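See below for the structure under consideration.
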Amino acid sequence: MSTQTETRRVTAVDIAKRKGGEKVVSLTAYHAHTAGIVDRYVDFILVGDSLGMVMHGLETTLPVTLEMMILQGRAVMRGSKRALVVVDMPFGSYEEGPEQAFRNAAHVLKQTGAGAIKLEGGVHMAETVSFLVKRGIPVMGHVGLTPQAINTMGGFRVQGRGEEGQRIVEQDALAIANAGAFAIVLEGIVEPVARRITETLPVITIGIGASPACDGQILVLEDMLGLNDWVPKFVKKFGTLRDHIEEAVSGYAAEVRAGSFPATEHTYQPAPGPARKAANG
């Protein structure tokens, strides 16, 4: 019998119980190797539809497909062992109605093994969130600046400004909380509004461009690592990965052109064998 204890994954229920406790840490990941690195430090990994912009160079998240999310969700599940994995539902995969959302969300969880899905929207999506939760699908909500709605928002604009803007964001968050979401991402919301939502709702809030008062925070991994030249105001670069990659690639290219790579230690030599007999032996 093995003496090793199997690592238990964090669940949506575990995250929900953290309200008012230790801050919840999260990052995005789309690959097995990055998932394996962040897995040791975060409570949940988001396989975000931001992969369309980060991995594929798309201008928005709108062209991302369900198949793309499933493919990267599988990779992140293989690379991680402990953190809860949450997979974004891409644009067009859930807005038609609760039944469509359930079919696609169930498909995502079956195909990836992830522990929850995330979907965008407020009051108008509350019925769908409730429908999913009642049928066994853990849902993370997402209100405020919702990237899938940029065409109707007029771009990536901060939400919650003015009395009407504040009212809309607060009603959206309340509706998703009441619908049974275990957590809500608050994105691009003016700080006092995000703080008030966090203080008044019993559900976990995850901030991204919101407030330090949120119950947790999330960033796009490539942004905080410094891989992208431009990042939003709310991003702090905790690394300079782009500089390190350029330095490594530049050094590699220079050595190849100079003929110094590969060196002897990077090549395979014949295995030593028995001495050959003299020709006239």
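The packing ranking of peptides 244-251, 62-69, 95-102, highest mean first, is 62-69, 95-102, 244-251, where packing means the average number of other beta carbon atoms within 10 angstrom of each residue. Shown here: the stretch 138-181, whose C-alpha atoms stretch 30, 24, 12 Å along the first, second and third principal axes, sorted largest to smallest. Here is how the number arises for the chain: DSSP H runs of 4 or more residues each give -39500 (n - 2.57), the sum is divided by the residue count, and the result at 222 nm is -11000 deg cm²/dmol. Binning every alpha carbon pair distance of the stretch 44-145 at 10 Å from zero, what are the percents per bin? Calculated over all Cα pairs of the stretch 44-145, the distribution is 16, 51, 30, 3 percent. Checking every one of the GluC sites (Glu not before Pro) in the stretch 124-230 against DSSP loop status and a limit of 16 other Cβ atoms within 10 Å picks out no site at all. Between ILE184, ILE150, ILE206, the GNM of the chain built on Cα springs shorter than 10 angstrom shows ILE150 fluctuating the most.
Taking other residues whose beta carbon is less than 13 angstrom from the beta carbon of GLY180, and scoring Lys, Arg as +1 and Asp, Glu as -1, yields +1. Reducing the stretch 125-167 and the stretch 188-212 to their Cα centroids gives an inter-centroid distance of 13 Å. For the chain, modelled as a GNM whose springs connect Cα atoms under 10 angstrom apart, the maximal fluctuation among PHE238, PHE44, PHE91 occurs at PHE238. Just the Kirkwood number for the stretch 87-153, please: inverse of mean 1/r across all distinct Cα pairs, in Å, one decimal. After inverting the pairwise mean of 1/r, the radius is 11.9 Å.
Each Lys and Arg adds +1 at its Cβ and each Asp and Glu adds -1 at its Cβ; summed about the Cα centre, the chain shows a dipole of about 1020 debye.
Over the chain, all Cα pairs binned in 10 Å intervals from 0 give whole-percent P(r) values of 6, 26, 32, 17, 8, 5, 3, 2, 1, 0, 0, listed from short to long.
Note on the stretch 193-236: Rg/Rh from Cα positions, Kirkwood definition for Rh, rounded to two decimals, is 1.08. Strictly over 32 Å apart at the Cα level, which of LYS23/LYS81; LYS134/LYS233; LYS19/LYS233; LYS17/LYS237; LYS134/LYS237 would you flag in this model? In this structure, LYS134/LYS233; LYS134/LYS237 exceed 32 Å between Cα atoms.
Think of the stretch 46-117 as a dipole: +1 on every Lys or Arg Cβ, -1 on every Asp or Glu Cβ, centred on the Cα centre; then among GLY92, ALA106, MET77, MET77 lies furthest on the positive end. Remark on the stretch 140-281: Rg and Dmax equal 27.7, 102 Å (Cα only). Of the heavy-atom accessible surface of the stretch 60-137 (probe 1.4 angstrom), what whole percent is carbon and sulfur? In the stretch 60-137, the share of accessible area belonging to carbon and sulfur is 55 percent. Computed over Cα pairs, the Kirkwood radius of the stretch 70-201 leads via Stokes-Einstein (1.002 mPa s, 20 °C) to a diffusion coefficient of 141 µm² per second. Note that the stretch 1-150 presents 46 Å² accessible area per residue, ligands and nucleic acids not counted, probe 1.4 Å. Among HIS244, GLN159, ALA35, which residue has its Cα positioned farthest towards the positive end of the charge dipole of the chain, with +1 placed on the Cβ of Lys and Arg, -1 on the Cβ of Asp and Glu, and the dipole taken about the Cα centre? Farthest towards the positive end: ALA35.
The values are calculated or read from the model by the stated rules, or taken from the named source; none is laboratory data. All values derive from a computational prediction rather than experimental measurement. Positions of Cβ are backbone-derived with ideal geometry, glycine not excepted, and every protein chain shown enters the neighbour counts. SASA here: full protein model, heavy atoms, side chains in, ligands and nucleic acids out. Shrake-Rupley method; radii C 1.70, N 1.55, O 1.52, S 1.80 Å.
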